[in-house]
Structure formats: structure tokens, C-alpha cells
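What follows is a short report on a single structure.
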Amino acid sequence: MIRLEGVTKRYPSMERPAVDDVTFEVPAGEITALIGPSGSGKSTTLRMVNRLIEPDEGSIYVGVDEIHDIKAEDLRRRIGYAIQGVGLFPHWTVFQNIGCVPWLLHWDKPRIAARVRELLDLVGLDAAEYSAKYPSQLSGGEAQRVGVARALAADPPVLLMDEPFGAVDPLTRERLQSEFLAIQHKLRKTVLFVTHDLDEAIRVADRIALMRDGALMQHDCVERVIAYPANEFVREFVGTERALKRLSLAHVAEEMGPPGRAAATEGRVPDGATLRTALAVMLEHGERAASVIAEDGSVVGSVTIDDILAHFERPLS
Amino acid sequence: MKRLTLIDFTGPIIALVVYVGLTMADRPWVALATRIFPNEGRYIYQNASTTTLVWQQFAMVALSSSMAVLIGVSLGLFVTHRAGADFYDVVSSLSNLSQTFPPIAVFTLTVPILGFGFEPTVLALTLYGILPVLRNTIAGIESVSPTQIESARGMGMRPYQVLLRVELPLAASVILAGVRISVVVGVATATIGAVAGAGGLGAPIISGLINDDPPVTLHGAILATYMALLFDAFIGRFEKAFAFSSPGARA
């Protein structure tokens, strides 16, 4: 769990506070995306959690401890930290980079070696092939996988990530995001990550904390931020495709009805797809319904345009 | 970091062996010089043996350079970190003086103050040798990407660990380049130390010039140049071991 209470940071050179009285909580085992335009204070907020920047006012709790009760370096060793791939040390091998925090924690050598192998496995890199490589020998995607592995090295309950999937091409980014979600599904870390990309936040996060000019605009689960923007700024930030973004958060399996309703139609959607995909299939075939199929190809249900409209009308809990 | 092995030093070590051979080959030198310059009075410096001159030269450079490196690197690290940030401007502009200050001027300035002899010469060489080391230490530390420092701190390295494990290794090739320049210039400048009565390979060079004995000057000059090249080769090997390209270079 990470909790910020009335956190404020001022810089002498700036008129308004860089971070202004921000309060929110990242519940244990969940991912919160800290999002906002550049200069909104999101990175500053993130860096205050591991004391790379000291807040002027307010308290921050990681687990049960107020972060200022712990020596800064000891605090940081308990928090995984991932930044864009360039944060890897170019003079250290992949093995040394990943083993950094365990080494700082004085783990013995066999334990570090076993842990590095385990982590390379987890992020989908072959340990034998990659351990001895230097960062300059990695592609952007590989470097970021190593960055994530390094952040997870000492098995910290809390992860801070600053644009961890930035600086790679969109295809690689999407793959890294889903790999990270699969890892998170297994490990259930408490994650606070900074991004400027709303689609990334929607895809990866459970909750969104939206910032502007140092102030927290809205903090809520992803669906609610999109469905009920707290103010005009949030509405604008979410953008004109708000409705489609909402559809991309709902799954066909949750809304589908019995198979009969789509008997006469050609459109097919997998049961794991989102309502957005279902709508696209209907539009493509010029139909008002589509059949939902399971992985083996059998028809398990149907989804109609009315189901989609009903999804919008139903208030979110 | 690439591990250096003895094999990396094969070339410089062979060159060193040849050099040691040369310092003990006074007679072949005289024979050779007699052929090239048939009608000279002297072919080799008379007042001290070649090995003594080489040893004096080496001692001057080794002493002054180790002190210069120690002082230059410490001062450079001091001003590039929080504790010494206030002195950055002064020290940094002082270090840039080295580019404009000719070696020959070193002794014209220091002899009146420090006097003649071995120790004053070593002291003068030290002061002069600090400057390139200092300049490159500042440049090297400043070349380390802030992202890497932040990531080191973010993982929980203590300040001394960030310095020793991240900043110094990443700045090492630039710092060592400064050391190399300082030492090579030091070997050359030390020959002028003979004017201040410090001995070394400057003694035959200057004696040959004064007495119009080109072979004597040549002998000293060859041995001094060779020594500079040896230092250059050895330090250069270390420099290469610290050359890293940035991560994601292929990205």
C-alpha cells in the first residue's frame, strides 16, 4: 500500500507549487497510473515516494511506515524502481544490473545467481544467453524487460515505474504492457506508475490519478474516470473517444446473451474480446448483433447493439 | 568492465623490455653515433650513467604524477559534488589555464619561488600535472548521464556507492585520458627540470645543446620520448578497458 497525505513540493524558482496538496492511496496489489500533461507534477510525485525528492509538506506511507522514519537508502531498497531503459548501468552486465539491489542487501552469491535466472525467465529472456550481455548489446524492448526484472529483483512489495514502457515502438510497447500485466497477475505488487499515455493507463492500470499543474484532478478506478469525468479538464484529457474507451474496458463475456439472437448474422467475436471489438465487428458486417465464440470455435452467446447501449446506461458502482 | 589480462599488455611490455635494454646499451649507442656523426667531441653524457638519468627521470615523473592524479581527481570529484559545488567555477576556470600555460614557463615561475634541485622540480611538475587531470575529472563526471545516477540512487545505493560503483567507472576513460596527457606532458616537462638542477634525461639534452654535441642531446631526447610513449601505451590500455557504449544503442 502507498498512501500520500497532503503532499506538497515547492521550488523557489516556481510561482505555484510543483505538487500541491496531493492525497491519494494505491491499494495493495493494485496498479495506479499517475497521468497528466508534462509539467503536471506526476514524476515529482513519484520521486517523492522513494525520497529522490523530499516533500515540503505532508506524509507518505509505504506499507505501515512513514517514509521519513526509514533511512532513504534502506527505503529505496524496499521499493522496486524502473525507469526508461537508459537507467541500466552500461558498465555492468545484465546479470550485475539485475542483481544490484540483492547485492546491496548483501545476499550471498548463489542466491543472487538463482534470483537473476528466475527473473530473466519471468520477463521472457533466456538466462544463458542474456546474463553476460552488456546493455549496449540489447534492443530497446530487451533493455526495458531487464529494467523491470531489476526493479523486481529483491521481491519488493511496492514498485515505482516512470514511463517504463516509453521509448519503444508501439508494437513492442503493447507486448511489454501485456507481459507486465501477466507478471502482475502472478505477483500482485502495489504499483504506482507514471505515464502521459491515457491508452497505456487504461490498458494497464486499475486506478487513475490524473494531475494538472501540481494538483490532483481526479483519482478513481479507470472506468469511472472515463465515464464520470470530475471536471472539464478531465473530460478534455480523456478526449472525444470517451465512449469507445469505455467500451474497450468492458468484455463481451460480461454483456452477452443467449446465442439465438445472432442466428442470422455473420459477425463473430471471441469471448475474451472487448465490447469495442464487438462494435467494430457489427459495423464491419452492417449488422446489429454478433455471435460470441469460444476458443474452440463453438458459439457460446450473442451480443447486440442494445447490449452495448445498455452497458452505457447502467451506472457504474 | 572488460577484465584486463597480461595479454592486453603484451605490446607495451615488449616495448618496456626493449627500453630497459636501450638504457644499458651505452657502447652500441656510441658506436652508432660515431658512424652518424664522425667528427663530434662527445657521443654520450659523461657526468652520470644512462641508467641513473633514466631512473631520475622516472622518479620525477612517477612521484609528481601520482601526487597530481591524487590531488587532481580528488579536487575534481569535490567540486562536481554537492559539498564542493561552491568552488566549481573557480576551480573549473583554473583548470582550463593548463591549455594556455606552456611547460617551459613552469620553471621560470617556480625556480625563483621553490629553488633548485630534485624536490622543487617534483613539486613544480606536480602543480603543472594537476591541471589536465582536474579538467578531465570534471568533464568525466559531468558526462555521466543523470538518469544513471538517479537509477543508482533509486535502487538504494549510498552516496559513496554511487560515486565508486557508477560515477567513477563511467567517468574513468575520460579521467584516464587526462592522466595520460598529464604524464606524457610530465615526461617532456621533466627534461626541462635539468635546468633547475634536477638531473634526469634533460641533463644530456641541455648539456649537448650547450656544448654543441648533437649526439648527446639526441641520446637524451630518444630515451625521454620513448619513456613518454611507454607511459602513453600503458595508461592507454587501462583507458580502453573503461570504454562503454550507452545502453539501448541498438534500440
**Asked** Which length gain, in nm to one decimal place, applies between residue B:108 and residue B:46 when the Cα-Cα distance is subtracted from 0.36 nm times their residue separation?
**Response** 19.6 nm
**Item:** Amide H contacts of residue A:209 (H built 1.01 Å from N, under 5 Å, at least 5 apart or other chain)
**Value:** A:33, A:34, A:35
**Message:** Test of the criteria: in the range A:1-43, which GluC sites (Glu not before Pro) are in a DSSP loop and have at most 16 other Cβ atoms within 10 angstrom of their Cβ?
**Reply:** A:15
**Request:** With a cut-off of at most 15 other beta carbons within 10 Å, and DSSP calling the residue loop, which GluC sites (Glu not before Pro) in the range A:212-283 qualify? Please list them.
**Result:** A:241, A:266
**Asked** Taking only Cα atoms, what is the 0 to 90° angle, nearest 10, from helix B:118-143's long axis to the longest principal axis of chain B?
**Response** 30
**Message:** Using Cα-Cα distances under 8 Å and only pairs 6 or more residues apart, what relative contact order does chain A have, in percent?
**Reply:** 19
**Request:** Would you mind pulling out the separation of the Cα centroids of the range A:282-317 and the range A:185-229, in Å?
**Result:** 27
**Fill in**
Of every Cα-Cα pair in chain B, the percentage lying beyond 29 Å is 41
**Asked** In sequence order, what are the phi-derived ³J(HN,Hα) couplings for the range B:162-173 according to the Karplus relation 6.51 cos²θ - 1.76 cosθ + 1.60 with θ = phi - 60°, rounded to whole Hz, with x for glycine and proline?
**Response** 4, 5, 6, 9, 10, 5, 4, x, 6, 8, 4, 5
**Binned Cα-Cα distances of chain A, short to long, each 10 Å bin given as a whole percent** = 6, 23, 28, 23, 14, 5, 1
**Message:** Show me, for the range A:9-26, the HN-Hα J-couplings you get by feeding each phi into the Karplus relation (A = 6.51, B = -1.76, C = 1.60, θ = phi - 60°), rounded to Hz, glycine and proline as x.
**Reply:** 10, 10, 10, x, 7, 10, 6, 9, x, 5, 10, 10, 6, 8, 10, 6, 10, 9
**Length added when fully stretched, residue A:305-residue A:109, from 0.36 nm per residue minus Cα-Cα** = 64.6 nm
**Request:** Have a look at the range B:108-160 and give its Rg and Dmax from the Cα atoms, expressed in angstrom.
**Result:** 19.1, 54
**Asked** Magnitude of the Cβ-charge dipole of the range B:6-243, K/R +1 and D/E -1, about the Cα centre, nearest 20 debye?
**Response** 380
**Nearest 10 degrees, 0 to 90: helix A:109-122 Cα axis against chain A principal axis** = 20
**Item:** Magnitude of the charge dipole, the protein assembly as shown, Cβ model with Lys/Arg +1 and Asp/Glu -1, debye to 20
**Value:** 1600
**Message:** Among B:80, B:100, B:50, which one shows the highest mean-square fluctuation when chain B is modelled as a Gaussian network with alpha-carbon springs under 10 Å?
**Reply:** B:100
**Item:** Charge dipole (debye, nearest 20) of chain A; +1 at Cβ of Lys and Arg, -1 at Cβ of Asp and Glu
**Value:** 700
**Prompt:** Quick one: Karplus J couplings for the range B:189-196, per residue in order, coefficients 6.51, -1.76, 1.60, θ = phi - 60°, nearest Hz, x for Gly and Pro?
**Reply:** 5, 4, 5, 5, x, 4, 4, 8
**Message:** Given the whole protein assembly as supplied and a 1.4 Å probe, what does the accessible area of residue B:58 come to in Å², nearest 10?
**Reply:** 80
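Just the number, please: Stokes-Einstein D of the protein assembly as shown in µm²/s, Kirkwood Rh from C-alpha pairs, 10 °C, 1.306 mPa s.
Numbers: Rh = 28.8 Å.
Result for D is 55 µm²/s.
The values are calculated or read from the model by the stated rules, or taken from the named source; none is laboratory data. Here the structure is a predicted model, which is why all the values come from computation and not from measurement. In this analysis, Cβ positions are derived from the backbone assuming ideal geometry, glycine residues included, and neighbour counts consider all displayed protein chains. Side chains included, ligands, DNA and RNA excluded: accessible areas come from the protein's heavy atoms. Shrake-Rupley method; radii C 1.70, N 1.55, O 1.52, S 1.80 Å.
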